Every structure is written in C-alpha cells, then in structure tokens.
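Bear in mind that the values in this text are calculations on the coordinates, not laboratory data. Just so it is clear, the model here is predicted, and its values are computed rather than measured. Cβ atoms come from the backbone with ideal geometry, glycine included; neighbour counts cover every protein chain shown.
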Amino acid sequence: MRISDHRVFINAVEPNYDGGIAEGIKALLNMAYPGGLKDVIRPGDKVVIKPNVVKAGRERKPDEWEQVVTNGSVVRTVCDEVIKALEGKGEIIIAEAPQTDTPFSEAMERCGIKSAVDYYQKNANVKVTLLDLRKEEWLSKDGIVIKRTALPGDPEGYEAVDMKGESAFAETDDEKARLYGGGGERAKTGQQH
C-alpha cells in the first residue's frame, strides 16, 4: 500500500473521556473498517499500537499535558476492539518513543496509558505489554541535557526505511535542511526523508 492510498476519517465528538471519546473512536473504526477490525487483524496476530505521546507536559507549563499526548481512553478503546478481533489468540504491544527528555513512566502514567495496560494485564485474554522504543532517556535542566541513560530500546531491533518520494518531506532539499531529530541531527534526518 502506498502512503498516498491512506484515508483520513474525522468524527467530531465532545471532549468527554468518560464515554464520548470511546463512541467517537468506534465510529471512526467503523468508517475505516465497515466489517470491523477482523478485516485486518486475525487471531494469533501481534498488533502494535503507537499512541503518539510526545511529552509528559508542555515545556513551559508542565501541568498542561493533554495537548502533547493521546489520552489513555483512546488507547483503551482501540485495545478493546483489537482484543475482540484477536479472539483470545495473539498479542498487543503498546509501543511509544516520547521526546528523549521525557520520563517514560511519568508520561504513560499521566495520560492514563499505564493504568490501561495494568488493567489489560490482569483482565485481557491476550498478552498486553507497554514498550519504550527509545535507545536513551535524557535528564535536562533549563534546556541543557545533564544526564543520558541508556535504554534497552526495541527488542525487535531497528530498520531504516527508504520512503523515496513518498515522504511528505521529499519535496525539496530546502525542506530537508530544516528537519532535525530529537538530538538535533539535521544531516541524518534529512537523509532519511
């Protein structure tokens, strides 16, 4: 499947994490997969869910966090639907790689993903794990990295993917020159896009 073949579905719901979000997510899944997730997930599959948690809080307002994470209620709703499709056989990995200077456990706890994983580990009929994909975590003070801690990273390893012209950043070399990863690696990031 080409990247340009993907479709985007939008469903407006009230920002109510006590049910409104779940119904909105289910409606989106029904739009994308009218036959349910069983159209793409089979019993025995290993399913990876990547929620998009950037940081545990905003840089200058650490008590504000909802705009930089995916709420755990969204992850939980997706997990519920995946569990149904797996029919008791398979595995779910909730994998994330937040910004390097973000404590993983704090971010997962704050947005509710950790409690969702804890719930599934006790109650689901499939294995559910939470995985930090990063190779290291940084401790920063006043924007300066003061400590780097090595992490195990992805136990499956890493693979570079050449997207050729499919990358949204492939338009011009000028755009590539402005890109950089979490470590400020402009050349490497531009090369991979």
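Of all lysines in the structure, those lying under 20 Å Cα to Cα from Lys164, and not within fewer than 8 positions of it along the same chain, are Lys176, Lys188. Extending 7 Å from Cα along the Cβ direction at Asp154 and again at Glu23 yields two label points whose distance is 3.7 nm.
With θ taken as phi - 60° and the Karplus curve 6.51 cos²θ - 1.76 cosθ + 1.60 applied, the whole-hertz 3J(HN,Hα) list for segment 42-53 is 10, x, x, 5, 9, 10, 9, 10, 10, x, 6, 9 Hz, x standing for glycine and proline. Close amide H partners of Ser140, meaning residues 5 or more places away or on another chain with modelled amide H under 5 Å apart, are Ile146. Length gained on full extension, Ser167 to Met31, computed as 0.36 nm times the residue gap minus the Cα-Cα distance: 46.4 nm.
Counting 0.36 nm for each residue step from Asp118 to Val13 and taking away their Cα separation leaves a gain of 35.1 nm. Full extension of the segment from Lys61 to Lys46, taken as 0.36 nm per residue of separation minus the current Cα-Cα distance, would add 1.7 nm. On a 26 Å Cα-Cα criterion, which of the cross-link pairs Lys26/Lys46; Lys50/Lys141; Lys38/Lys122; Lys84/Lys135 come out too long? Violating the 26 Å limit, Cα to Cα: Lys50/Lys141; Lys84/Lys135.
The Cβ shell under 12 Å around Lys114 holds other residues with a net charge of -3, Lys and Arg each +1, Asp and Glu each -1.
FRET efficiency for the Glu106 to Lys135 pair, using the beta carbon distance and R₀ = 22 Å, is estimated at 0.75.
Summary of packing: across the peptides 129-141, 84-96, the per-residue average of other C-beta atoms within 10 Å ranks them, highest first, as 84-96, 129-141.
At an R0 of 30 angstrom, the distance between the Cβ atoms of Asn125 and Val145 translates into a FRET efficiency of 0.10.
Note that segment 26-31 has calculated 3J(HN,Hα) couplings of 4, 5, 5, 4, 5, 5 Hz, one per residue in order, obtained from phi through the Karplus relation 6.51 cos²θ - 1.76 cosθ + 1.60 (θ = phi - 60°); glycine and proline are x.
Segment 68-94 and segment 102-161 have Cα centres separated by 16 Å.
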